[in-house]
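Participant: Following this message is one structure expressed as structure tokens.
The values are calculated or read from the model by the stated rules, or taken from the named source; none is laboratory data. Everything numeric in this text was worked out from a predicted model, so none of it was measured. With ideal geometry, Cβ positions are generated from the backbone for all residues, glycine too; neighbour counts draw on all protein chains shown. Keep in mind that these areas ignore ligands, DNA and RNA; they rest on the heavy atoms of the full protein, side chains included. Shrake-Rupley method; radii C 1.70, N 1.55, O 1.52, S 1.80 Å.
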Amino acid sequence: MFRKKTVRDIAIEGRTVLVRVDFNVPIHEGRVADDTRIRATLPTLTYLLEHGAALVLASHLGRPKGRPNPAFSLRPVVEPLAARLGRPVQFATDPAGPDAQAKAAALQPGQVLLLENTRFDPGETRNDPAFAQRLASLAQVFVNDAFGTAHRLHASTVGVARYLPAVAGFLLAKEVETITRLLEDPARPLVTILGGAKISDKIKVLHNLLPRAERLLIGGGMANTFLAAQGYRLGASLVEAQARETAIALLETYGEKIVLPVDFIVADRFAADAQTRRVPVSEGVPEGWMALDIGPETVERFAPFIREAGSIIWNGPLGVFELAPFARGTVAVARLVAESPGFSLVGGGDSVAALHQAGLADRIDHISTGGGATLKLLAGEPLPAVEVLEDKP
Ligand code: AMP
């Protein structure tokens, strides 16, 4: 259940609404290379415009470190956004300075103003109250629809909510609601799949998911550390020596739920043109070689759990999927998740990229737009930008 007010719970007609969106899009040669994040905000923006609001849109883009830098300007977003909204979009050359103030003050209902990158001001990432107040002074209502930055304690995500009535947009509400429901009341069995490089980045996620899930399938570099802790030979594979105790403790408590790889694709170098072969985990990784993907028998072992899942949560690639020879395990698991009748949630940039690569994205029930924010929710931690929104009565 999402316990915060949304745009449906607040009067907006005739008011100017400051919307924190996530327009942190990839820019190549001054153009937006992928407008997924722009499209994701359209339901909220359209709703507000149709209900008589004027919009001031705030976002960050990249890491300009508190100074104006044309390489991180949001100006390239103006045109694709205007095309999607079907109306003109004005642009303020500063995030909350004189140009933003003048243009926001002149806005009429139905008009849209995009502010320059909030991180051009050093007050943004410091959550400086003076900057938050200047942002707030541009509007009468604050709507946060930026799930991707909801784990950040910044002026435009948290600080500004102190000075304006603050509610959630549809994207933020849907993300939090979907992930929370999967944690609190999932259709069973709940099967979780974790990959990626390291255990240490996801210890809290492991501790939060293991008690709730029927199964945890582990691949990627993460699995190496578990297997090394069980005494298997890992050669030159990525293994986190300092996470050994954690791995042993998790295996002791949750051993029956944890499903580890039974074979690997190993390589003599970390490269796309490396020599490769399949080895059973029981045989171990040859000296000097490294495990860079799960093998086909592991996919077979994972398959029935994924097919029979009531719900699936997947985060992190199961191998070095950026290099084609080591993408097969991740793509095979992506296909199993897409084909499973269970409700599927996929989060994290890499697993989502793998789904797009395999052309399977439209067969997933919920693809999360957040990386860090998704992990934080999966770890059972509150998101600061959600906490500050008004509660539903
Ligand atoms: P994360 O950000 O923790 O989800 O980690 C993603 C990264 O883990 C990707 O860049 C993968 O290339 C990497 N990764 C996955 N499997 C392995 C592996 N077996 N060895 C080394 N890196 C891996």
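Matching residues to (1) among the β-branched types (V, I, T); (2) in contact (Cβ under 8 Å) with a residue 60 or more places away in the chain:
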residue: H151; (1), (2): no, yes
residue: T178; (1), (2): yes, yes
residue: N208; (1), (2): no, yes
residue: L234; (1), (2): no, no
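Participant: Could you check G159 against (1) within 16 Å of the ligand (Cβ to nearest atom); (2) touching a Pro at 6+ places or on another chain (Cβ under 7 Å) and say which number it fails?
Facilitator: (1)
Participant: Against the conditions (1) buried (at least 22 other Cβ atoms within 10 Å of the Cβ); (2) away from the ligand (no atom under 14 Å from the Cβ); (3) small (G, A, S), where does G220 fall short? Just the number, please.
Facilitator: Failed condition: (2).
Participant: Would you mind finding the one in G342, G310, G329, G295 that is open to solvent by 10 Å² or more (accessible area, probe 1.4 Å), at negative phi and not aliphatic (A, V, I, L, M)?
Facilitator: Result: G310 is the single residue among G342, G310, G329, G295 that is open to solvent by 10 Å² or more (accessible area, probe 1.4 Å), at negative phi and not aliphatic (A, V, I, L, M).
Participant: Can you tell which of E50, E79, E29 is more than 28 Å from G349 (Cα to Cα) and not aromatic (F, W, Y)?
Facilitator: E50
Participant: Looking only at the range 163-198, which residues are open to solvent by 40 Å² or more (accessible area, probe 1.4 Å), hydrophobic (A, V, I, L, M, F, W, C) and part of a helix (DSSP H, G or I)?
Facilitator: F170
Participant: Kindly indicate the residue of the range 331-366 that is away from the ligand (no atom under 12 Å from the Cβ) and among the acidic types (D, E) and also modelled with the lowest pLDDT among those meeting that condition.
Facilitator: Checking each candidate, the answer is D362.
Participant: Can you say whether P64 is open to solvent by less than 20 Å² (accessible area, probe 1.4 Å) and within 19 Å of T149 (Cβ to Cβ), as far as the supplied structure shows?
Facilitator: Yes; evaluated as a whole, the condition is true for this residue.
Participant: Among the listed residues D263, D201, identify the single one that is open to solvent by 20 Å² or more (accessible area, probe 1.4 Å) and closer than 18 Å to P317 by Cβ.
Facilitator: D201
Participant: Here's something else I'd like to know. Checking F270 against (1) open to solvent by 50 Å² or more (accessible area, probe 1.4 Å); (2) at pLDDT 95 or above; (3) more than 12 Å from the ligand (Cβ to nearest atom), which single condition isn't satisfied?
Facilitator: Going through the list (1) open to solvent by 50 Å² or more (accessible area, probe 1.4 Å); (2) at pLDDT 95 or above; (3) more than 12 Å from the ligand (Cβ to nearest atom), F270 breaks only (3).
Participant: For the range 276-359, give me every one of the strands (runs of 3 or more DSSP E) that falls completely inside it and has 3 or more residues that are of a type outside the set (A, V, I, L, M).
Facilitator: Once the strands (runs of 3 or more DSSP E) in the range 276-359 are filtered for at least 3 residues that are of a type outside the set (A, V, I, L, M), what remains is 276-280, 311-315, 343-347.
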